[in-house]
Amino acid sequence: MHLSEIIHGVVQSYIAENKQKKPIYDFINPLPVAKGKIVSDTMDIIDEVYEYMYPDVPFVQRNMLYGTRMEVPIKSIKCIEEKLSSEHIKNIVKNKGDSFEPPLLYLANEIYYAADGNHRIVASYLQGKKTIYCNVLSLDFFNTED
């Protein structure tokens, strides 16, 4: 199954469960965006591992089960979504981000990749915040150099 099919399935399930209209991705992400198959494939593999470990736990709640909570400079984060929903960003800003879980970042080679929470990160950036609290999962354990 391709990543696009997985994403489409997740979005459709979310819409059906919440009876909401499909989000419109009309806002270009102002932060750096990581591109490339290696980045997306690595995140997919990690997500599959944790989905296997915690099959009955929804994705957002699963993010709370791993990683270390820490404050991260927003400018050091590479997002993975180039287009975002301005409506979703406005909702986060309106609620001051209080009702949302911290974003999930993967740390690899001293670079933070936003696996989940791209909208929350951009909303914080647009509000002038310099840092954001995130759950950070280090991928340095994949490094085989001693």
**Study point:** Test set (1) of a type in the set (Lys, Arg); (2) in contact with a helix residue (DSSP H, G or I) (Cβ under 7 Å, 6 or more places away or on another chain); (3) in a strand (DSSP E or B) - residue 69 fails condition number
**Key:** (2)
Review point. If we scan region 86-109, do we find a residue that is closer than 20 Å to residue 128 by Cβ and part of a strand (DSSP E or B)?
Key: no
Practice item. Scan region 89-121 for residues that are among the hydroxyl-bearing types (Ser, Thr, Tyr) and more than 13 Å from residue 31 (Cβ to Cβ) and jot them down. Key: 99, 106
Review point. Of these, 138, 76, 86, which one is under 20 Å from residue 24 (Cα atoms), surrounded by 12 or more Cβ atoms within 10 Å (Cβ to Cβ) and modelled with pLDDT of 75 or more?
Key: 86
Check your understanding: Do the conditions hold for residue 49, that is, is it over 23 Å from residue 26 (Cβ atoms) and modelled with pLDDT of 90 or more?
Key -> no
Practice item. Considering each residue of region 110-129, count those that are of a type in the set (A, V, I, L, M) and either modelled with pLDDT under 85 or not in a helix (DSSP H, G or I) (or both), and give that number. Key: 3
Check your understanding: Going by the conditions given, is residue 124 within 22 Å of residue 26 (Cβ to Cβ), of a type outside the set (D, E, K, R) and in contact (Cβ under 8 Å) with a residue 60 or more places away in the chain?
Key -> no
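The values are calculated or read from the model by the stated rules, or taken from the named source; none is laboratory data. From a predicted model like this one, the values you see are computed outputs, not experimental measurements. Note that each Cβ is placed from the backbone with ideal geometry, even for glycine, and that neighbours are counted across all protein chains shown.
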